[in-house]
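This report refers to the structure that appears directly beneath it.
The values are calculated or read from the model by the stated rules, or taken from the named source; none is laboratory data. None of these values were measured; they are calculated from a predicted model. Neighbour counts are summed over all protein chains in view; Cβ atoms, including those assigned to glycine, are modelled from backbone coordinates with ideal geometry.
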């Protein structure tokens with residue numbers, strides 16, 4: 001599969017030249033196609049627009065005075081208006097909701113707030129948040145930040161509430177000129193620890209790895225340089241998990257968006273050169289596409305081929321593997337000892353049941369679908385996994401704790417920088433076959449081998465000293481035991 005490196009297309013808006021700039025919308029002062037709603041510092045602008053080449057009209061929001069511009073929010077992305085309809089308007093209805101009306105006064109889109117409000121008004125904040133305020137209290141009763149489209153601005157959040165089922169995901173445009181919902185979405189999972197995902201329809205497309213309270217450990221170059229202001233808030237009791245980011249200077253000229261081709265990109269405005277700067281982007285290569293090497297496969301973008309099986313595993317289909325189709329993954333070569341019948345032929349051949357051991361893999365993007373085990377330190381985490389026959393691997397990270405894996409290990413990547421330690425469970429006889437000789441193998445069986453080796457070395461050393469002294473004593477005609485005592 002050939003992956004085209006996507007270049008963000010920012011939209012030159014085809015719209016009527018505004019004759020009036022409004023600072024609020026009310027029932028007595030609606031917004032028409034020849035007008036725009038602007039924020040107080042003129043950072044953002046909202047109005048009617050049509051993407052180049054489109055015959056449809058939308059209400060959207062974009063950065064004001066930046067060329068090229070960027071649409072960051074669309075109200076009626078599911079229900080476009082015909083471009084020829086010049087009688088459309090955005091106004092406040094009798095129930096206090098903000099409404100988009102077509103030329104026949106039909107409601108095309110609405111804020112749909114259940115609480116009725118008299119005298120409500122809509123305004124655009126300098127953060128890019130379109131808000132609807134109650135006429136009496138002045139409280140915000142609806143805001144666009146709760147309904148993102150394809151773009152995340154500083155102060156917005158994307159995530160999920162598992163109790164209500166509400167998902168605040170970024171959803172891509174269908175094409176560069178069609179704002180209707182596309183195939184790709186970006187959001188957070190509610191697991192502990194949470195992870196960011198890009199989905200292609202229902203299928204995972206990219207995964208950013210577990211959140212360690214400062215960064216996503218599956219993003220190799222995610223360091224504190226550009227992490228300033230990035231945050232994940234998770235409330236297990238409330239069932240909520242949200243990601244957000246902020247900027248230090250409170251000027252919202254940064255944004256994160258999901259493209260129609262499935263790329264997530266962080267973009268900021270460079271004042272010195274007067275253009276948009278495209279920073280971090282994912283996925284960047286084939287290894288970052290979810291599950292490229294299949295179950296128990298490991299991907300390394302710097303290697304050829306990029307996929308190999310984990311130590312102790314072999315391709316399920318050697319033919320497919322040699323053709324570069326790795327998604328079928330790998331399967332285990334040797335059966336694990338844990339849970340094995342002691343009377344089986346394999347156990348008898350080994351002289352009885354031997355403990356499995358763990359192979360240390362360093363600088364890893366940890367697999368998907370981990371289980372968090374609380375209240376364990378690093379040693380307890382290892383013992384917990386070793387004593388649970390269903391546990392296939394574990395990892396301990398100081399800022400997260402103990403994570404274990406029970407299912408197929410999926411979406412593993414080898415990094416050249418950063419990454420975490422993954423301890424993979426292998427059968428005892430894999431050690432005798434030389435699996436992972438260059439790795440730091442740990443486990444109960446390892447401790448036994450080390451202890452026996454140490455004892456043997458001490459005995460051998462003592463015997464050597466004894467015979468050396470006895471040889472010297474015999475040579476001198478002395479009592480060897482007396483010589484040793486001295």
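Residue selection: residue 392 satisfies the criterion of being at pLDDT 95 or above and more than 24 Å from residue 234 (Cβ to Cβ). In summary, strands (runs of 3 or more DSSP E) completely within region 31-73 and bearing 1 or more residues that are out of contact with any strand residue (DSSP E or B) (no Cβ under 6 Å at 6 or more places or on another chain), closer than 18 Å to residue 150 by Cα and touching a residue at least 12 places away in the same chain (Cβ under 8 Å) occur at 56-63. Can you name every residue in region 397-409 that is surrounded by fewer than 21 Cβ atoms within 10 Å (Cβ to Cβ) and touching a residue at least 12 places away in the same chain (Cβ under 8 Å)? Answer for region 397-409, where residues must be surrounded by fewer than 21 Cβ atoms within 10 Å (Cβ to Cβ) and touching a residue at least 12 places away in the same chain (Cβ under 8 Å): 397, 399, 400, 401, 406, 407, 408. Inside region 125-155, residues that are touching a helix residue (DSSP H, G or I) at 6+ places or on another chain (Cβ under 6 Å) and surrounded by fewer than 19 Cβ atoms within 10 Å (Cβ to Cβ) make up a count of 0. Selection of strands (runs of 3 or more DSSP E) fully inside region 146-253 by the criterion of at least 2 residues being touching a residue at least 40 places away in the same chain (Cβ under 8 Å) and within 22 Å of residue 70 (Cα to Cα) returns 157-161, 170-175, 178-188, 240-245. Going by what's in this entry, would residue 108 be described as within 17 Å of residue 145 (Cα to Cα) and outside the structural domain of residue 181 (by TED's automatic domain parsing)? So residue 108 does not fit the description; no. If you go through region 126-134 one residue at a time, do you hit one that is free of Cβ contacts under 8 Å to residues at least 24 places away in the same chain and either within 25 Å of residue 45 (Cβ to Cβ) or assigned by TED's automatic domain parsing to the domain that holds residue 23 (or both)? The answer is yes; a qualifying residue exists. Taking the conditions exactly as written (out of contact with any helix residue (DSSP H, G or I) (no Cβ under 8 Å at 6 or more places or on another chain), modelled with pLDDT of 95 or more and not assigned by TED's automatic domain parsing to the domain that holds residue 406), does residue 317 satisfy them or not? The answer is yes for residue 317.
Residues in region 262-275 that are in contact (Cβ under 8 Å) with a residue 40 or more places away in the chain and either surrounded by fewer than 21 Cβ atoms within 10 Å (Cβ to Cβ) or not in a strand (DSSP E or B) (or both): 6 in all.
Kindly indicate the residue of region 64-85 that is at pLDDT 95 or above and closer than 17 Å to residue 255 by Cα and also surrounded by the fewest Cβ atoms within 10 Å (Cβ to Cβ) among those meeting that condition. Going through the qualifying residues, I end up with 71. Scanning region 296-327 for residues that are farther than 25 Å from residue 264 by Cβ and either crowded, with 21+ Cβ neighbours inside 10 Å or in contact with a strand residue (DSSP E or B) (Cβ under 7 Å, 6 or more places away or on another chain) (or both) yields 296, 308, 309, 310, 311, 312, 313, 314, 315, 316, 321. For residue 385, the criteria (1) part of a loop (DSSP other than H, G, I, E, B); (2) farther than 24 Å from residue 308 by Cα hold in every case but one, which is (1).
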